[in-house]
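The values are calculated or read from the model by the stated rules, or taken from the named source; none is laboratory data. All values reported here derive from a predicted model rather than from experimental measurement. Methodologically, a virtual Cβ is constructed for each residue, glycine included, from the backbone with ideal geometry; neighbour enumeration extends over all protein chains shown. All accessible areas refer to the heavy atoms of the entire protein, side chains included, with ligands and DNA or RNA removed. Shrake-Rupley method; radii C 1.70, N 1.55, O 1.52, S 1.80 Å.
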Amino acid sequence: MTESLFRIASAGRVDRTKKLTFTFNGRTYSGYAGDTLASALLANGVSIVGRSFKYHRPRGIMSAGPEETNAIVQLLGDFDEPNVVATMLPLFEGLEARSVNARPTVEFDLGAIKNLFHRFIPAGFYYKTFMWPADRWDWYGSAIRRVAGWGTAPATPAGGRYEHRYHHCDVLIVGAGPAGLAAALAAGRTGARVLLVDNQVEPGGSLLGTNLVIDGTAALQWIAGITAELDAMPDVVRLSEASATGYYDQNFLTVVENRPDKHWVRERLWKIRAKQVVLATGAIERPIAFADNDRPGVMLAAAASNYCVRYGVMPGHTAVIFTNNNGSYQHAIDLVRSGVAVATIIDLRAQADPELSAAAHAEGIEILHSSHISKVYGSRKLRAVEVVAKTGVAAARRIRCDLLAVSGGWNPTIHLFSQSGGKPIYDTDIASFVPGATVQNQLSVGACKGSFQLSRCIGDGLVAGARSAAACGFDSDDIAAPACTAEASLDIIPAWEVPLPKPSGLAFLDFNNDVTTKDIRLAVREGYRSVELVKRYTTAGMGIDQGKSGNVNIIGLLAEITDTKPGTVGTTTYRPAYSPISFGAMAGADNGHSIIPWRRTPITDWFVDNGGRLDETGALFRRPLYIAHAGESASDAINREALAVRNGVGIYDGTPLGKISVKGPDAVTFLNRVYTNAWDKLPVGRCKFGYMLHDDGRLLDDGVTFRLTDDHYLMSTGSGVAAVVLKHLEKLLHCDWPDLDVYLTPVSDQWAVICVCGPLARDVVRAAGIDINVDPESFRFLDTRYCKVAGIDARVSRVTYTGELSFEVVVATRHGRNCWQALLAAGEAFDITPVGSDTSMLLRTEKAFIAAGLEGDGHANIYDVGMGWVVSKNKGDFIGKRSTERDLSVGGPRPEVVGLLPDDTEFVPPKGSPIINTNTDDDAQKMIGMVTIGFHSPNLQRSIALAQIRDGRSRIGETISVFTKQQIKTAKICEPVFFDPDGERMRN
Amino acid sequence: MAGYDATVKILPHSGFLDLRGNAVVRQICSDVLGLSLPAAANQLKTATDGRIVYCISNDHWILQIVDGRQNDVLRTLEQAAVGLSHSFVDVSDMYIQIRLSGPESQEVLSQAVSIDIHPRVFPPGATARAGFAETTAQLHCVDDAPTFIVTVYSSYRQYAIDLLNTAIGAA
Amino acid sequence: MIYIDCPHCGERNEDEFVYGGDVAHRRPEDPAALSDAQWCNYIYTVPNTKGWAEEHWWHMRGCQRWITVHRNSVNNELQSVLREKGND
């Protein structure tokens, strides 16, 4: 086979024995193991890899790292995923990808027509456009989304497994370049628990793309030696393709690891708590803004030499270098030695390091000082550049080339440092921002601190690793720093932009968001000077880029325009995530049955097996709404169950109710203070209903509390609020009444609660076998007794949630299912009917038993819901008393709970419907309340509802209107209790 | 072959007593039980007859009883603590126990538990009550297989099993 | 995800805890003695301190005890956790 014209014979770290086939934008290509998708595309001479975000300009590969803003692809096939950065994606056999932002193809993009209209999409376009008229928003939204999209959400579940893992370590090192490796070695040798994460396929960082020498041998050998030593240490964990995406409080960091050690895991999200953090995140080269600096063929200088040295790929055959610093000279020399013809170095500076200049001349490279690029020729593929002298005396010169390697200097990667709470400061030596004072247990070393020379990176890394380990109590001998290739200093002059040849030219600062120098000037003209506002107005630094490549140039330019210094302008706030995170990584393995816990009672399985329609609306206990017979509709099932409870007997699983043991000599004092009613006279073996308020006088919870012994009570709470009530009560004991001798113990899961309810309930309990006398005179309403039911130890109480004669049978959870079966069997002769929570809600509505969250909402006080009888007048302070009294003393109209009888007896008022008084012309008086719940009652053979109505009790007898989306219906206000108002049935 | 090298097993039912009280009550309980209640959280004591007492906080312990005699023990303790401020509650049905064991069980448990369970800080004999995915668990490392006993609220039994099996990743 | 040093359980992630308000926001000893305005001020004007403050936190997924945490709301810096009356 013949090698591509762009592949360098035998150079690079790709494995030429492993050829891989892949598809990009519908065409099939080949590359090697060790390639990234980007290097393989360059090797195949693919110049256009995407279209820009706003203007759909053709774009080529710009970088060789995570800062890439042009080569963003959609992976297809089994690994369907949008917004994958091609420069970070290792090539694999069968890889299929396409550009994310091109319609219909990158070669011919209809959206590029906008190139002609770009003046209509200036900075602030979105703000200006979405002002008015409002009815155009939908149109703008869909039109803009069509042209400005990034990728497509996959239609099918992601292949492979995503998972989360918590991890703790002594020293976390981010970045396995020279500084990070040195830090890991020094920390690892102490015996500390070390985690080293790096976002590349192999360790080495920038060294992978250079020919530097350490200790007399190639740097790659030094890397291999350290890596082998680290991998042999039992308490050092080293991750590749692992990007640290977020740095949070107290050294909590998130790392997304691609293709981890387990082949069946696709991505693993690490949640790491580190005692010490060493940031060795390196630096990112930045471009310079000149006209059409985004053309395919324009690339960062270090990336160009990196492709040659690391991947054996020439990004072009004839190169021109454009720079403002010494660093690019070595890159130019590396390009020449890789076989790229380097015509010229265009240097903005008047002079360069003499040794580097001599070396470049020796390779036959021409150097033009005090000059800059003025024009770029070739819109789809670079053909030539035009260079002019800064002073403008010499004539412009045209140089043919297919690669323009640009360096505007280096930006330390301070994203994580900044996320940790640290403030960056401007360093004029490197014309960029470096970390200021650290605020967490963290050190920055190497290029991310602005130290670009290899010897310093390694030396500082060794010190930081040892110091971090020592801070965790691990010490060892110092490690001598190795000798390294000497490097000239950067000697940079700041250059954010160069003059445009004509005013209409576009010079890009943020390639990702198509932000140009003109956008920044426009924003300043329109009054935006703060960098945070300019960012939002122009969208610079947003999206995938997150300020990696464009940020410092924007800050520098903003400083120039506003006549201040970059350090005064300051940076925008860096926020997580540093690089894109897939939804799969965020979700982890928690999906399906485990995403929300499903708490089971011992009866749950019975419902699943017997037609129970489970409530899956977010409650942890998925109670059955009703238990349908074969072929039965929901309303038929609910009607059947409700009739059975009123006329025969029903059975209900009350296990989800919360239960809290309240024990101690001061238990009764405590109950008096947390409930509205008085508990002093409740004898052992009795229970009563309690109403618990917040201190603002609104309902917190209600339920029945049992007195088990002299100093021991059992409180029941709503099923969803057991922990909330416990928290509330524990806080009162801890903060407000530490003198009270009371212990609270949550016991919800200890007990199964089975309610037998209906006129025949007593017969069923007797048939099941109960060893106490349950005659009405012996076992009265609100009595509670220890006994045996069907041979099982139980506590049986006469409490009701339906208003019927009821026996609440409480047994240990592990006997719950047996007890349920025994009661069902005993009830067979009485046609016992299992009842769901929808039916229970209907039955309580007939009785106007108040429900927390419906009638008892954030407005209603205890009198509003008709529960004034539960307020004791004869005791001291209780929680909510002061607010309740204030409501009474202030007076005024109150939202009172009343009943509604719709004139159309088939009309069921929907929950939340507004209630309107149509008898007034005063608009402010029209809306008088809302429906809290409505049902069709089979027992009353008509529709009923409960409602909150302003001064509702004084309106009883009036007719009002209920508004729904479809209709307006009249209803009569009535007393809320629709059924058995005197409560004779439950006391029977 | 997909999946971590670890297995999950539900353990037989045990009795549990929830004990609350001050240092005097702690001493009395220790004397009655012949098993000294630890003074601080994250500690446990094991008796030769299989009883284990976990300290939840400085006035709170969970006593595990494996021979089914929790009612007798509760009565004995109540008699000994008469007149002292305390709360002893039978919570035998509040908890179920799952045994997670195998060379990669730390990797499995680390998917649900945010505390440090590295053998350096959580060796055999270590215990802690901590968040376990969306609920709470008492964790106990019992050997260096490693094996972890995960004690969760009984209504979370199936959730905990499903969660651990998902974490293991076995098909 | 702040890391709270529970005096009982040791350092734990924030998601094991529930925030319970500013320690300085104490319930009045005798609510009946307050005017309506004073009472409403207690109920509705909740401290939102910038900088260091003492806070109640409930260790829901651990010892289930209320603890006191010193936290700087500007940068989430935490200081040693005090033991309160009845806590030691």
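Give the long-range amide H neighbours of A:Arg193: residues separated by 5 or more places, or on another chain, with amide H under 5 Å away, using H modelled in the peptide plane at 1.01 Å from N.
Close amide H contacts, sequence-distant or interchain: A:Asp170, A:Val171.
With a 1.4 Å probe and all protein chains left in place, how much of the accessible area of chain B comes from carbon and sulfur atoms, in whole percent?
Values: 3240 of 6300 Å².
Looking at chain B in its full context, I get 51 percent from C and S.
On a full-extension model of 0.36 nm per residue, what is the gain between A:Ala359 and A:Glu828, subtracting their alpha-carbon distance, rounded to one decimal in nm?
Details: separation 469, 0.36 × 469 = 168.84 nm, distance 10.01 nm.
Once the chain is fully extended between A:Ala359 and A:Glu828, it gains 158.8 nm.
So how far apart, in nm, are the two label points at A:Ser30 and A:His694 if each is 7 Å from Cα heading toward Cβ?
Label at A:Ser30, label at A:His694, 7.0 nm between them.
What FRET efficiency would be calculated for the residue pair A:Ile595, A:Asp249, taking the C-beta separation as r and a Förster radius of 25 Å, to the nearest 0.05? Numbers along the way, then the final one.
Working: r = 26 Å, r/R0 = 1.04.
For R0 = 25 Å, the calculated efficiency reads 0.45.
Kindly compute the accessible surface that chains C and A hide from a 1.4 Å probe when together, both sides summed, and give it to the nearest 100 Å². Please report the intermediate quantities before stating the final value.
Numbers: alone 6220 and 41220 Å², together 44920 Å².
In total, chains C and A hide about 2500 Å² from solvent.
If each of A:Asn773 and A:Lys873 carries a label point 7 Å out from its Cα toward its Cβ, how far apart are those two points in nm?
About 3.8 nm separates the two model spin labels.
Project the alpha carbons of the protein assembly as shown onto their principal axes and report the range along each, largest first, in whole Å.
Reported extents, whole Å, longest axis first: 114, 81, 64.
Got the relative contact order for region A:658-749 handy, in percent, Cα pairs under 8 Å and 6 or more residues apart?
About 40 percent, as a whole number.
Can you give the local net charge around A:Asp80? Use residues other than it whose beta-carbon is closer than 13 angstrom to its beta-carbon, Lys and Arg +1, Asp and Glu -1.
Every neighbour counted, the sum reads -1.
With the cut-off at 1.5 for a/c, could you classify region B:15-90 from its C-alpha gyration tensor as rounded, prolate or oblate?
Numbers: a/c = 1.58, a/b = 1.06, b/c = 1.49.
Because a/c hits 1.5 or more and a/b fails to exceed b/c, region B:15-90 counts as oblate.
Could you tell me which GluC sites (Glu not before Pro) in region A:613-709 are loop residues by DSSP with no more than 12 other beta carbons within 10 angstrom of their beta carbon?
Taking region A:613-709 and a limit of 12 other Cβ atoms within 10 Å, the loop GluC sites (Glu not before Pro) found are A:Glu616.
Where in region A:430-461 does the label zone of A:Ala470 land, with the point 7 angstrom along Cα→C-beta and an amide N cut-off under 20 Å?
Only A:438-446, A:456-461 fall inside the zone, counting backbone N under 20 Å.
Let me know the shape class of region A:658-749, please: from the alpha-carbon gyration tensor, a ≥ b ≥ c as square roots of the eigenvalues, rounded when a/c is under 1.5, otherwise prolate if a/b is greater than b/c, or oblate.
rounded
Can I get the semi-axes of region A:740-843's equivalent ellipsoid? Compute them from the C-alpha gyration tensor as square roots of 5 times the eigenvalues, in angstrom, largest first.
Whole-Å semi-axes of the equivalent ellipsoid: 22, 16, 16.
Roughly how many nanometres apart are two label points built 7 Å out from the Cα toward the Cβ at C:Asp15 and A:Asp615?
2.6 nm
Please state the relative contact order of chain C as a whole percent: Cα pairs under 8 Å, 6+ residues apart?
Relative CO of chain C lands at 29 percent.
Mind checking how much accessible area A and B bury in total, 1.4 Å probe, in Å² rounded to 100? Walk me through the numbers on the way to the answer.
Working: alone 41220 and 8620 Å², together 46260 Å².
The A and B chains share an interface burying roughly 3600 Å².
Starting from the Cα of A:Lys847, draw a straight line to each of the lysines and keep only those under 18 Å, dropping any in the same chain fewer than 8 residues away.
Qualifying lysines at Cα under 18 Å: A:Lys688, A:Lys911, A:Lys972.
Expressed in nm to one decimal, what extension gain is obtained for the pair A:Trp737 and A:Ala218 from 0.36 nm per residue of sequence separation less their Cα-Cα distance? Display every interim value, and only then the final one.
Numbers: separation 519, 0.36 × 519 = 186.84 nm, distance 7.19 nm.
Extra length from A:Trp737 to A:Ala218 when fully extended: 179.6 nm.
With r defined as the distance between the Cβ atoms of B:Ala23 and A:Asn647 and R0 fixed at 60 Å, what FRET efficiency is calculated, to the nearest 0.05?
On the way: r = 59 Å, r/R0 = 0.98.
E between B:Ala23 and A:Asn647, to the nearest 0.05, is 0.55.
I'd like the distance separating the alpha-carbon centroids of region A:262-322 and region A:840-870, in whole Å.
64 Å
With every protein chain left in place, what is the accessible area per residue of the protein assembly as shown in square angstrom, probe 1.4 Å? Working shown, then result.
Working: 48920 Å² over 1247 residues.
Per residue, the protein assembly as shown has 39 Å² of solvent-accessible surface.
Chains B and C: what accessible area do they bury, summed, in square angstrom to the nearest 100, with a 1.4 Å probe?
Its buried surface, counting both partners, is about 1100 Å².
Which shape class applies to region A:300-445: rounded if a/c is under 1.5, otherwise prolate when a/b exceeds b/c and oblate if not, where a ≥ b ≥ c are the square roots of the Cα gyration tensor eigenvalues?
prolate
Would you list A:His859, B:His60 from the most to the least accessible area, probe 1.4 Å?
Descending order: A:His859, B:His60.
At 24 Å minimum axial length over the Cα atoms and a Kyte-Doolittle cut of 0.0, report the qualifying DSSP H helices in chain A, or say none.
Sorted by number, the helices that extend far enough and score high enough are A:454-471.
Tell me the accessible surface of A:Tyr743 in square angstrom (1.4 angstrom probe, heavy atoms of protein chains only), to the nearest ten.
Accessible surface of A:Tyr743 is approximately 30 Å².
At what distance in angstrom do the alpha carbon centres of region B:112-171 and region A:701-777 lie from each other?
31 Å
Show me, for region A:506-514, the HN-Hα J-couplings you get by feeding each phi into the Karplus relation (A = 6.51, B = -1.76, C = 1.60, θ = phi - 60°), rounded to Hz, glycine and proline as x.
Once rounded to whole Hz, the list reads 10, 10, 8, 9, 10, 5, 4, 10, 6.
Among C:Ile2, A:Leu253, A:Val725, whose Cα projects farthest towards the positive end of the dipole of the protein assembly as shown, with charges put on the beta-carbon of Lys, Arg (+1) and Asp, Glu (-1)?
Projecting each Cα onto the dipole axis, the largest value belongs to A:Leu253.
In what sequence, largest accessible area first, do A:Arg13, A:Arg7 appear using a 1.4 Å probe?
Descending order: A:Arg13, A:Arg7.
With the contact rule set at Cα under 8 Å and sequence spacing of 6 or more, what percent relative contact order holds for chain A?
9 percent
Collect residues whose amide H, placed 1.01 Å from N in the peptide plane, falls under 5 Å from the amide H of A:Asp427; neighbours closer than 5 in sequence don't count.
Residues meeting the criterion, in which the H sits 1.01 Å from N, are A:Ser432, A:Phe433, A:Val434.
For A:Val388, what is the net charge nearby, where nearby means another residue's Cβ is under 15 Å from its Cβ and Lys, Arg count +1, Asp, Glu -1?
For residues surrounding A:Val388, the net value is +1.
Stokes-Einstein at 37 °C, 0.692 mPa s, Kirkwood radius from Cα pairs: D for chain B in µm² s⁻¹?
The estimated diffusion coefficient comes to 197 µm²/s.
Output the antiparallel fraction of DSSP beta bridges having both residues in chain A, as a percent to the nearest 5. Please report the intermediate quantities before stating the final value.
Working: 128 of 176 bridges.
Given both bridge residues lie in chain A, the antiparallel proportion sits at roughly 75 percent.
Near A:Ala447, within a Cβ-to-Cβ distance under 11 Å, what is the net charge of the other residues, with Lys and Arg +1 and Asp and Glu -1?
Summing Lys/Arg as +1 and Asp/Glu as -1 gives 0.
Find the centroid of the Cα atoms in region A:172-192 and in region A:922-988, then give the distance between the two in whole Å.
For region A:172-192 versus region A:922-988, the Cα centre distance is 72 Å.
Show the residues, 5+ positions off or on another chain, whose built amide H is closer than 5 Å to the amide H of A:Ser913.
Here A:Val931 satisfy the definition.
Which value, in debye to the nearest 20, describes the size of the charge dipole of region C:1-83 about its Cα centre when Lys and Arg Cβ atoms bear +1, Asp and Glu Cβ atoms bear -1, and nothing else is charged?
Working: 8 positive and 12 negative charges, 20 e Å.
Charge dipole of region C:1-83: 100 debye, to the nearest 20.
Rounded to the nearest 0.05, what FRET efficiency do A:Asp680 and A:Lys972 have when you use their Cβ-Cβ distance and R0 = 35 Å? The partial results should precede the final answer.
On the way: r = 42 Å, r/R0 = 1.20.
Plugging the Cβ-Cβ distance into 1/(1 + (r/R0)^6) gives 0.25.
Give a residue-ordered list of calculated ³J(HN,Hα) values for region A:193-209 (Karplus: 6.51 cos²θ - 1.76 cosθ + 1.60, θ = phi - 60°; whole Hz; x for Gly, Pro).
Going residue by residue, I get 7, 10, 10, 10, 10, 8, 8, 9, 5, 9, x, x, x, 5, 4, 5, x Hz, with x marking Gly and Pro.
Quick one: order A:Arg238, A:Arg987 from most to least accessible surface, probe 1.4 Å.
Greatest to least solvent exposure: A:Arg987, A:Arg238.
Under the Karplus relation 6.51 cos²θ - 1.76 cosθ + 1.60, θ = phi - 60°, what is the ordered set of whole-Hz ³J(HN,Hα) values for region A:52-57, x standing for Gly and Pro?
Values, residue by residue: 6, 5, 9, 9, 6, 6 Hz.
Accessible area drop of at least 50 Å² (1.4 Å probe, protein heavy atoms): which residues of region A:749-796 qualify, relative to the chain alone?
Buried-area filter returns A:Asp749, A:Gln750.
Dipole size in debye (nearest 20) for chain A around its Cα centre, Lys and Arg Cβ +1, Asp and Glu Cβ -1?
In debye, rounded to 20, chain A gives about 1740.
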